[in-house]
Amino acid sequence: MHSVVCIKQVPDSAQIRVHPVTNTIMRQGVPAIINPYDLFALEQALRLKDRFGGTVTVVTMGPPQAEVALRKALSFGADEAILVSDRAFAGADTLATSCALASTIRQIRKNMPVDIVFTGKQTIDGDTAQVGPGIARRLDLQLLTYVSRILEVDHGARQIRVERRAEGGVQVLRTALPCLITMLEGTNEMRFGTMADMFRAARAELKVWDRLAAGIEDPSLVGLKGSPTVVGKVFAPKPRALRAEMIETATQEPKDLAVTLLAKLFTQHPRIERELARRAV
Ligand SMILES: Cc1cc2nc3c(=O)[nH]c(=O)nc-3n(C[C@H](O)[C@H](O)[C@H](O)COP(=O)(O)OP(=O)(O)OC[C@H]3O[C@@H](n4cnc5c(N)ncnc54)[C@H](O)[C@@H]3O)c2cc1C
């Protein structure tokens with residue numbers, strides 16, 4: 001069983017700042033962590049390895065400092081780590097990021113077939129949840145999003161059965177391998193690495209792949225050149241002026257309470273009152 005887990009090093013969201021002119025995230029001086037959602041993906045991949053044996057490869061596209069995230073992943077028990085790093089990748093939007101990661105995985109599977117590609121549900125800095133589906137599309141993988149549990153992996157039939165959190169319930173889905181899974185948060189707990197894995201992680205020689213090693217011949221597909229997204233503006237939403245209000249209900253008749261609530265609702269949203277009056281005519 002060979003799982004590839006895509007992890008992204010993100011600035012600790014509590015300390016993120018946005019550049020006032022370029023509207024890009026300013027990472028300098030901000031402590032970096034592994035995107036917390038990606039740890040659920042990594043732990044799931046490690047559990048599959050515990051059950052079926054095999055290899056877990058972690059991949060990140062990022063600056064040289066992202067090596068720290070990979071070593072951390074190795075310390076948890078991942079076997080291989082690849083840092084995809086090249087100046088050509090700078091300024092990548094989700095399209096260019098998925099293009100670079102998909103190409104990297106294509107290179108990885110030249111050496112060893114890949115059964116499952118894992119990503120987190122989304123990141124805590126970009127928050128788009130587009131990269132996983134973007135990779136699946138480019139690699140023609142079956143896509144399973146918001147997976148909360150892997151129920152069964154049938155190697156003989158090359159099939160997988162999972163639970164997926166859907167609006168209003170849980171879906172049980174079966175599909176063919178290879179597939180890409182975006183793993184839901186809160187579905188497991190990252191293990192503590194063993195002492196042996198920690199030593200191995202500290203000494204491991206990471207693979208660092210530049211654009212060509214990642215199999216990308218056309219530089220216009222990645223980085224800023226390959227990014228059609230334009231961030232027009234980034235701003236914090238205005239704090240809500242309205243605050244929650246406690247209403248004493250014990251002393252009110254239900255009819256009086258209903259009138260009080262409707263009066264408040266109509267005062268705050270006169271359009272609702274107008275619309276109801278229009279429909280009543
Ligand atoms: C115009 C524009 C310019 C940008 N410029 C920059 C820039 O200069 N520098 C910069 O760092 N960011 C830049 N970004 C942000 C960049 O687009 C996102 O960081 C990146 O595309 C991932 O998107 P996301 O964070 O929304 O990931 P999501 O789609 O929310 O992530 C889903 C999952 O995909 C995987 N994943 C995502 N990104 C990576 C990665 N890099 N490596 C491995 N796995 C990953 C993870 O498993 C993650 O949980 C820019 C964005 C835009 C729109």
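Numbers at a glance
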item	result
Sites residue 26 and residue 50, calculated FRET efficiency, Cβ-Cβ separation with R0 30 Å, nearest 0.05	0.15
Helix 67-76 vs. the chain, principal-axis angle (Cα, 0 to 90°, nearest 10)	90
Top positive-direction residue, dipole computed over region 238-281 with Cβ charges, set 276, 249, 263	276
Per residue Cα convex hull volume in Å³ - calculated over the chain	221
Selected from 142, 69, 95, residue furthest toward positive end of dipole (region 60-188; charges at beta carbon)	142
GNM top mover of 56, 162, 131 - the chain, alpha-carbon springs below 10 Å	162
Among 189, 163, 245: highest mean-square fluctuation, GNM of the chain, C-alpha pairs under 10 Å	245
Computed lengthening from residue 212 to residue 253, 0.36 nm per intervening residue step minus Cα-Cα distance	7.3 nm
Choice from 67, 248, 205 showing the highest fluctuation, given a GNM over the chain with Cα pairs closer than 10 Å	248
The chain - charge dipole about Cα centre, Lys and Arg +1 at Cβ, Asp and Glu -1, debye rounded to 20	440
Antiparallel bridges, percent of DSSP beta bridges restricted to region 2-226 (to nearest 5)	45
Nearest-ten-degree value, helix 254-268 long axis tilted from longest Cα axis of the chain	70
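No value in this document is a laboratory result; all are computed from the given coordinates. These numbers were taken from a predicted model, which means no experiment stands behind them. As a convention, Cβ positions derive from the backbone with ideal geometry for all residues, glycine included, and neighbour counts pool all protein chains shown.
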